[in-house]
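The structure appears below as structure tokens.
Quick note: the coordinates plus some simple rules give every number you see, no bench work behind them. Since we're looking at a predicted model, the values are computed, not measured. Counting neighbours? That spans all protein chains shown, and the Cβs are built from the backbone with ideal geometry, glycine included.
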Amino acid sequence: MQGTLASVAHAALRAIIHNVHVRRVPGAVWLIRHAAEVLLGLTLSGLVAGLGLYLADAHDAADAAWTVVGACGAGYALWAIGEALAHRRLGVDVIALLAIVGAIVVGELLAAAVISVMLASGRALEAWAAGRARHDLRALLERAPKDARRYRGQTLETVPLDEVAPGDLLLIAPGELVPVDGTVAHGAAVLDESALTGEARPVERSAYDPVRSGVVNAGDPFDLRATATASGSTYAGVVRLVSQAEASQAPFVRLADRYAVWFLAVSLAAAGLTWAVAGAERAVAVLVVATPCPLILAAPVALVAGLSVAARRGVVVKGGGALERLARCTTLLMDKTGTLTTGRPTVTAIITADSYDPAEVARLAASLDQVSGHVLASAVVGAATARGCELVLPQEVEEVPGRGIRGLVAGHQVAVGKASWVGATGQPGWAKAARRRARLDGALTVFVAIDGVPAAVLVLDDPVRPDAARTIRALRDGGINRIVMVTGDRPEVADTVGAVIGVDEVLAERSPADKLDAVRLERGRAPVIMVGDGINDAPALALADVGVAMGARGSGASSEAADAVLTVDRIDRLGEARALAHRSVRIARQSVLAGIAMSLVAMAAAAVGWLPAVWGALLQEAIDVAVILNALRALRPGTSQTRLAATDTALTQRFAHEHQAIRADTEQLRAAADALGVLPPAQAMARVRQVYRLLVEEVGPHEQAEQEELYPAMDRLLGSRYATAAMSRAHAEIAHQIRRLGQLIDDIGPGQPDEDDIADLRALLYGLHATLRLHTTQEEENYLSLGEEAQELLRAQPPA
């Protein structure tokens with residue numbers, strides 16, 4: 001009867017699977033995706049029903065219910081074994097199948113049912129942890145436009161994208177994705193190419209310049225002459241790259257399966273030897289206590305606990321397999337823009353001509369840029385707002401895409417844009433210095449004219465994240481031994497960022513296909529983590545052993561192609577995620593090995609006759625509970641993670657606010673030094689005295705407050721009263737240099753400085769500028785970036 005029931009149940013299960021795959025019955029897709037959960041519900045219901053029948057003295061009915069449950073578990077295990085063999089693997093399901101069948105054969109039907117429930121529980125946990133599909137192209141496909149606006153004579157028509165042919169003239173509206181490769185038909189186009197190149201700054205394309213599909217129109221409408229079909233364009237190529245990357249990934253072997261082969265061999269050898277020496281009854285008792293529930297449950301429980309903790313910290317890892325791979329990876333590849341940098345251009349300096357006040361220049365330029373649709377306008381407005389400037393609405397505004405904007409602001413004619421747009425001809429000293437600085441720093445320049453006279457240059461840059469270097473150090477401490485920055489940006493910019501954060505190698509000007517090749521090369525050496533945020537990163541994220549997407553600001557395509565998504569805009573959470581992964585896998589391994597060890601002891605007891613099958617089943621359940629409780633330790637965050645108390649968080653937020661003002665003061669030091677020997681002596685000394693007042697009234701009190709309040713808190717947090725000793729030495733040096741500057745100003749007095757005075761003043765001002773800039777950056781990297789609210793402030797538009 002038991003054999004008949006098992007055969008019927010197995011046949012029914014196979015029939016269901018056949019219908020799901022072949023006939024596509026309604027709900028088939030849902031059933032495939034939730035097979036483990038359905039099996040858990042069925043087996044658990046059958047187990048409970050059998051217990052109820054047994055308590056009601058309906059023993060035969062209870063045995064029948066437990067037999068069906070055991071048969072369902074055996075059928076599912078057989079199906080899982082078939083899938084594993086298709087990938088040339090032999091996993092833990094073989095032991096489960098033998099244990100279930102052996103229990104049914106010798107009449108231990110309750111044990112068979114319990115084993116089936118445990119098998120279903122482990123698979124359901126893994127399925128729940130995996131969540132949605134690892135590599136889904138849905139975001140890429142949904143982002144792609146379905147139609148285009150094509151000129152037909154003097155009118156526009158909307159046509160399906162497949163009907164667009166080379167030579168067609170298309171209209172690209174503001175904010176639209178360019179649907180096919182082409183060229184600018186006439187005029188100019190302002191494009192956001194960050195999704196493809198990773199470069200945060202917008203680019204301008206003139207008439208007949210090539211434009212790739214997948215970029216966004218960041219300016220006014222423009223006409224595009226198509227040069228390719230949709231299927232032959234750049235964006236479609238990225239989609240194909242992602243598909244190929246997915247297909248080339250090797251199948252993953254679960255942690256439990258790595259122990260299953262030798263545990264299976266030991267269990268079968270022990271059962272066979274016991275059968276030969278002491279008979280079948282003791283052999284079955286050995287098989288019952290050899291039930292691989294620690295293998296089936298311990299690892300999934302620990303990994304799911306790790307996934308839960310990671311999610312609370314803003315890292316969504318798509319399944320236990322991804323968490324295991326994350327713990328094993330030793331090489332890290334990182335994109336630059338939006339990953340190691342903020343991905344948002346910011347004004348880092350305002351270099352003025354003659355006697356123009358930087359704050360007034362910022363106010364007038366930002367007032368005009370309020371009404372601009374240019375992607376850099378928000379950076380200018382943010383810089384002025386951070387300075388506390390009161391903006392006014394402009395009048396008579398005229399904006400020309402690709403050139404600039406002009407209008408009337410508070411009675412002044414203001415122009416913002418290219419040098420030719422504002423009338424900056426020739427190479428005046430201040431403009432030459434600004435251009436040189438931008439070229440050396442890999443930054444962008446925007447010129448400002450007031451009342452028809454060129455007045456200033458705004459220098460815009462994409463700043464490195466304050467937590468980037470600290471994250472790199474933490475990852476190295478956690479076992480990552482090779483870090484490579486791979487970016488589509490220019491070599492001079494990429495090399496600068498790579499040197500600042502301390503990577504091992506910089507690969508610049510890399511296309512999506514080049515990034516894919518870089519991941520493939522590194523995977524040949526060691527398991528690889530790839531971190532990125534743009535569509536151009538999606539193929540590499542899909543191919544890497546673990547792809548991590550900056551989901552807080554990245555593209556949907558990168559998030560879908562990745563194995564893990566950072567839902568908060570903090571790169572330091574990557575270090576936390578890897579530490580959590582390593583800890584969860586360590587706890588899972590401990591639980592598995594402890595369970596195996598206890599099972600081996602129980603097998604030895606059963607083999608010598610000290611442990612009958614029924615008591616063996618009860619002991620096995622106790623072992624299961626023990627290993628599960630141990631696995632649940634992964635729910636507790638690791639002790640190595642740095643956490644700030646509420647008072648410390650408030651301190652980091654306060655000093656992050658003050659650092660915004662300090663940055664502005666620091667840039668004025670450089671501007672005052674540049675003015676010496678260029679402006680008339682009286683004007684130059686007036687600037688020097690002004691910055692000295694800023695140093696005395698703002699910078700000095702700020703440094704003292706940090707020394708007395710912030711540094712003791714950081715020493716307490718970092719566990720040593722000497723943790724901030726080197727930074728305290730910098731405070732002393734800054735105070736000393738400020739005193740020297742004051743003494744020199746007093747020595748010069750009301751008269752004009754001579755050449756020696758100018759040389760000494762320049763040396764002090766440039767030295768203070770460099771020291772303050774380095775010192776504030778170090779504080780932000782090491783201390784202030786520990787506070788989440790402070791990090792938000794540091795990533796905000798910094799004043800120049």
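Shown is the FRET efficiency for Leu408 and Arg586, computed with R0 = 60 Å from the Cβ-Cβ distance and rounded to the nearest 0.05: 0.35. Relative to its Kirkwood radius, the Cα radius of gyration of the stretch 382-457 gives an Rg/Rh of 0.99.
Computed over neighbours whose Cβ is under 13 Å from that of Ser591, the net charge equals +3, Lys and Arg +1, Asp and Glu -1. Using equal-weight Cα scatterers in the Debye expression, the normalised intensity of the stretch 267-374 in log10 at q = 0.12, 0.15, 0.19, 0.21 Å⁻¹ is -0.79, -0.87, -1.04, -1.13.
The alpha carbons of the stretch 647-774 stretch over 51, 24, 20 Å along the principal axes, in descending order.
Global dimensions of the stretch 437-554 from alpha-carbon coordinates: Rg and Dmax equal 17.4, 61 Å.
The packing ranking, built from the mean of other Cβ atoms within 10 Å per residue, places the peptides 59-66, 72-79, 361-368, 418-425 in the order 361-368, 72-79, 59-66, 418-425, highest first.
Here the Debye sum runs over all C-alpha atoms of the stretch 715-757 as equal scatterers in vacuum, and log10 of I(q)/I(0) at q = 0.22 Å⁻¹ comes out as -0.76. Percent of Cα pairs in the stretch 477-519 per distance bin of 10 Å, from zero to the largest separation: 29, 50, 20, 0. Size of the stretch 333-379 from its Cα atoms: along the principal axes, largest to smallest, the extents are 47, 25, 12 Å. Report the Stokes-Einstein translational diffusion coefficient (µm² s⁻¹, integer) for the stretch 312-428, Rh taken as the Kirkwood radius over Cα pairs, at 4 °C with viscosity 1.567 mPa s. D = 74 µm²/s.
Full extension of the chain between Thr158 and Leu171 yields a length gain of 3.7 nm, computed as 0.36 nm times the residue separation minus the alpha carbon distance. Between Arg436 and Leu85, the FRET efficiency estimated from the beta carbon spacing at R0 = 51 angstrom works out to 0.15. Here the stretch 353-396 yields Rg over Rh of 0.97, to two decimals, using C-alpha coordinates and the Kirkwood radius. Within the shell of other residues whose beta carbon sits under 14 angstrom from the beta carbon of Arg633, the net charge comes to +4, with Lys and Arg scored +1 and Asp and Glu -1. The eigenvalues of the Cα gyration tensor, multiplied by 5 and square-rooted, give the stretch 382-515 an equivalent ellipsoid with semi-axes of 39, 17, 14 Å from largest to smallest.
What number comes out for the charge environment of Val414, summing +1 per Lys or Arg and -1 per Asp or Glu over other residues with Cβ under 12 Å away? The answer is -3. What FRET efficiency do you get for Ala207 and Glu698 if R0 is 35 Å and r is their Cβ-Cβ distance, rounded to the nearest 0.05? E(calc), rounded to 0.05, equals 0.10.
For the stretch 455-527, the list of GluC sites (Glu not before Pro) that fall in a loop by DSSP and count at most 15 other C-beta atoms within 10 angstrom reads Glu509.
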